[in-house]
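Following: one structure in C-alpha cells, then a few remarks.
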Amino acid sequence: MFDKKMPEAWRVLRIQSEIVDGIEHLIKIGYAVNIFGSARLGPDSPHYQEGLKLGQLLSRAGINVITGGGPGIMEGANKGAFNEGALSIGLNITLPQEQDPNAFQDISLSFRYFFVRKFMFLKHSIGFAILPGGFGTLDEMFEALTLIQTEKTEPFPVVLVGREYWSGLVDWMRNTMMKEGCIGTADMALFTVVDTAEEASRIIIDHYRKHVANQSGG
C-alpha cells in the first residue's frame, strides 16, 4: 500500500526504516517456524484448533513461532505458542480494513510494506507450516517454494497441513503443471502434505534438530 502524496525519496527511507526496525527487533530470536493460514477461520474451525496445537507443540520443543499476527489461524498458532517455552511472534500488516494484532504475541511488529514483511518471515525461518487459507497463504507458500527451488535460500520443510483441503491444488500441480512440463518431479518433492499438527511438528522438529546439530558441528 503506497502513499501517493509521499515523495519517492522519502518512501525509500520509510522502507529502509521498516527493514532496520524489523532486523533490530528479531536479531536475537534465532530460528523460527512460520505458520500461515486464514484470518477468517476462528476458534470454531478445526483448522484453527490444528494451528493452536501446532504452535503449542513447536513452542514446547523450544522453537519460536512466527505468524502474520492477525486473527483466525494466525491467532490460534500464536495462542498455542504463547507461554509454552519459546517466543510467539506476530508480523502484522497495515491494511485498509484494519487488522488488529491478536493478544498472544511476545513480539509484535507492524509493517506497511508486504515485501519487507516477507523478508522478515524468511530471515529466521527453519520451516513453513501452511494451514488452509486464501490468497495470502498461497502467496507465502509459493514464494517459499520458489526460493528453495531456485536455491536462493537453504532448503527447509514446507508442510501443508490438511490433506483434504490441499488435495485439489496438489492434484492440479501434478496433473497439469507437471504434465505440461512447467515443473518437475523434484519440485513436487519440495513440500509435504500431512493431516495433523502432530505430523507437521515431527517433520519440522526433526529438521530443526538436525540443522542445529550441523551448525554446532555435532
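Values quoted throughout were computed directly from the atomic coordinates according to the rules given, and no laboratory measurement underlies them. Computed from a predicted structure; not experimentally measured. Backbone-built Cβ (ideal geometry, glycine too); neighbour counts: all protein chains shown.
Which links in K118/K152; K28/K53; K28/K123 stretch past 19 Å when you go from one Cα to the other? In this structure, K28/K53 exceed 19 Å between Cα atoms. Sites listed here are trypsin sites (Lys or Arg not before Pro) in region 95-194 whose DSSP assignment is loop and whose Cβ has at most 12 other Cβ atoms within 10 Å: K152, K179. By its C-alpha gyration tensor, with a ≥ b ≥ c as the square roots of the eigenvalues, how is the chain shaped: rounded for a/c under 1.5, else prolate for a/b larger than b/c, else oblate? In terms of gyration-tensor shape, rounded.
Taking every DSSP helix (H) stretch of at least 4 residues in the chain, weighting each as -39,500 (n - 2.57) and dividing the sum by the residue count yields a mean residue ellipticity at 222 nm of -15000 deg cm²/dmol.
Note on the chain: with a GNM built from Cα contacts shorter than 10 Å, the maximum mean-square fluctuation among V170, V159, V65 falls on V170. For region 82-96, putting each phi into the Karplus relation 6.51 cos²θ - 1.76 cosθ + 1.60 with θ = phi - 60° gives couplings of 5, 6, 10, x, 10, 7, 10, 10, x, 9, 7, 10, 7, 10, x Hz, in residue order, rounded to whole numbers and with x for Gly and Pro.
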